[in-house]
Amino acid sequence: MARKTALILGATGQDGAYLAELLLAKGYLVHGLKRRSSSFNTGRIDHLYQDRHEDDVRFTLHHGDMTDATNLIRIVQEVQPDEIYNLAAQSHVQVSFETPEYTANVDGLGTLRVLEALRILGLTKSCRFYQASTSELFGQAATVPQDERTPFAPRSPYAAAKLYAYWITVNYREAYGIHASNGILFNHESPIRGETFVTRKITRAVAAIEQGLQPMVYLGNLDAKRDWGHARDYVEGMWRILQQDEPEDYVLATGETHTVREFVEAAFGYVDREIAWSGSGMEEQGHDARTGERLIAIDPRYFRPTEVDILLGDPTKARLKLGWKPTTNFSSLVGEMVSSDLEAVLTEARRNDRYG
Ligand code: NDP
Ligand code: GDR
């Protein structure tokens, strides 16, 4: 059977890296989009890189940007993919309040540009399309848990841009018969999660504090609740969505929710530190219960103009139709992330020792 060809937009991100690994393991030819950057931005996928001069090159990167339609059309034409995974986005909710127009352009219009490329190139029947939709669409949803029928109520420029992307994907499916599906994914994390998302910020801080490299960490809203899973499980779900005969939209979630505070407690718990909380609101602090050391304080800068209080997904449809279920629970996820960050800090310390 001929090898399938996939194009991953956002190949240098957390999910792009896990998905590229998964598709290569399945025998795909994988193409990825990467942005021009003044510094290296391929750290997550360097282990997959192949010299173009090798005989059997199965992973190829193309320079591009979601804001550039001509470039997207040219890449799709060159690659002639069987499947496109649109993971490219300005994906930070708080940053979207600072850069709302850019976020709308990349996350909203960027999706339209890819769908139009399929139409312009006459690939509407031959190429399947996955859109990285998000639980942020539910925002302040009236119901918990949230599933595919829960009405959307976005609470950020990011979520509003992703709302457009969600509906334009549905529209192109209905209008032009494209096999286009939305994965409505709840938060998923990993040791290669971006360092400014709260989970990784916490696990990096735990590792640095443990090694005496920083005294404490500042956080924002500790009471927000999120349904956190492992990215490795979620990219498997993306792939399964595109293997269905009919394109449809699916929620991927664990069905369990935890506060940011619980994540902090679990992460410090992994290095045998118990957190004792004191004060309230902006004055709240977390201390090492044994030594009294202050480890956590609140910085109002990390609060968002509008917050999403609770996300909890119901992945029943994905379980029944895709046979998908998460394999990593909350405490294993936290443990894997802290352990990886501890290892990274130690490696860095050893390197500094050698060259210092
Ligand atoms: P990341 O932020 O780790 O990765 C985003 C990717 O998009 C990176 O490769 C980034 O490139 C690329 N990108 C950003 N802007 C542009 C642009 N203008 N042109 C081309 N590429 C661009 O996100 P994740 O991997 O965590 O998430 C993948 C997708 O899934 C995103 O769309 C996100 O919004 C969505 N999502 C994520 C969830 C999660 O919990 N992780 C949950 C639900 C949805 P660079 O590396 O150069 O920055
Ligand atoms: P989120 O992830 O907004 O859910 O979006 P993030 O980790 O940024 O925030 C989760 C919750 O933690 C609270 N929080 C903090 N957040 C950050 N970043 N930094 C802090 O210091 C901090 N303190 C508390 C936040 O207020 C929030 O409630 C992620 C992204 O991957 C999106 O792209 C994706 O669509 C959604 O998950 C599902």
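Here are a few things to note about the model shown:
- Rounded to the nearest 10 degrees, the inclination of helix 157-176 to the longest alpha-carbon principal axis of the chain is 20 degrees.
- Ala153-Arg36 FRET efficiency (beta carbon distance; Förster radius 41 Å; 0.05 resolution): 0.65
- Calculation over all alpha carbon pairs of the stretch 285-356 in 5 angstrom steps from 0 returns a P(r) of 3, 10, 8, 10, 17, 17, 14, 10, 7, 4, 1, 0 percent.
- Prolate/oblate/rounded call for the stretch 94-207, Cα gyration tensor, a/c under 1.5 rounded: prolate
- As a rough guide to protection, the peptides 198-208, 278-288 ranked by mean Cβ packing within 10 Å, highest first, stand as 198-208, 278-288.
- Computed log₁₀ I(q)/I(0) - Debye formula, equal Cα scatterers, no solvent, the stretch 1-52, q 0.18, 0.21, 0.24, 0.31 Å⁻¹: -0.55, -0.73, -0.93, -1.36
- Placing +1 on each Lys and Arg Cβ and -1 on each Asp and Glu Cβ, with no other charges, gives the chain a dipole about its Cα centre of roughly 700 debye.
- Residues listed by number, the stretch 211-238, amide nitrogen under 14 Å from Glu293 label point at 7 Å toward C-beta: 211-217
- Folded to 0 to 90 degrees: helix 260-270 orientation relative to the chain principal axis, Cα: 70
- Computed lengthening from Phe197 to Gln80, 0.36 nm per intervening residue step minus Cα-Cα distance: 38.7 nm
- For the chain, the longest principal axis of the Cα atoms and the long axis of helix 14-25 meet at an angle of about 50 degrees.
- Entries of Lys34/Lys321; Lys4/Lys321; Lys4/Lys162; Lys34/Lys162; Lys26/Lys201 with Cα pairs more than 26 Å apart: Lys34/Lys321; Lys4/Lys162; Lys26/Lys201
- Built amide H within the under 5 Å cut-off of Lys34, gap 5+: His62, His63, Gly64
- Computed about its Cα centre, the charge dipole of the stretch 90-160 is approximately 340 debye, with only Lys, Arg, Asp and Glu carrying charge at their Cβ.
- Listed residue (Pro151, Gly177, Gly139) projecting farthest to the positive dipole end of the stretch 108-186, Cβ model: Gly177
- Fraction of alpha-carbon pairs over 18 Å apart in the stretch 212-354 - percent: 67
- Converting the Cα gyration tensor eigenvalues of the chain into ellipsoid dimensions via √(5λ) gives semi-axes, longest first, of 35, 24, 18 Å.
- Antiparallel bridges, percent of DSSP beta bridges restricted to the chain (to nearest 5): 20
- Whole-angstrom Cα spans of the stretch 1-141 along principal axes, big to small: 49, 35, 29
- Förster radius 25 Å - calculated FRET efficiency between Tyr49 and Glu101, Cβ distance, rounded to 0.05: 0.15
- Sorted by Cβ density within 10 Å, fewest first, the residues Phe303, Phe138: Phe303, Phe138
- Between Phe303 and Leu24, the contour length at 0.36 nm per residue exceeds the alpha carbon distance by 96.5 nm.
- A simple spin-label model places the labels of Lys125 and Ala142 4.4 nm from each other, with each point 7 Å out along Cα-to-Cβ.
- Multiplying the residue separation of Gln244 and Met282 by 0.36 nm and subtracting their alpha-carbon distance yields 8.9 nm.
- Relative exposure of Tyr270, Tyr130, judged by other C-beta atoms within 10 Å (fewest first): Tyr270, Tyr130
- Packing here is the average count of other Cβ atoms within 10 Å per residue, and on that basis the peptides 232-241, 118-127, 17-26, highest first, run 232-241, 17-26, 118-127.
- Most to least packed among 305-317, 338-350 [average Cβ atoms within 10 Å]: 305-317, 338-350
- Per residue, the convex hull spanned by the alpha carbons of the stretch 58-106 comes to 93 Å³.
- Listing Ile192, Ile8, Ile84 from fewest to most neighbouring C-beta atoms within 10 Å gives Ile192, Ile84, Ile8.
- Rg(Cα) / (2.2 N^0.38 Å) computed for the stretch 180-270, rounded to two decimals: 1.31
Coordinate-derived values only; no laboratory data. Just so it is clear, the structure is predicted and the values come from calculations on it, not from any experiment. FYI the Cβ positions are ideal-geometry reconstructions off the backbone, even for glycines, and counts take in every protein chain you see.
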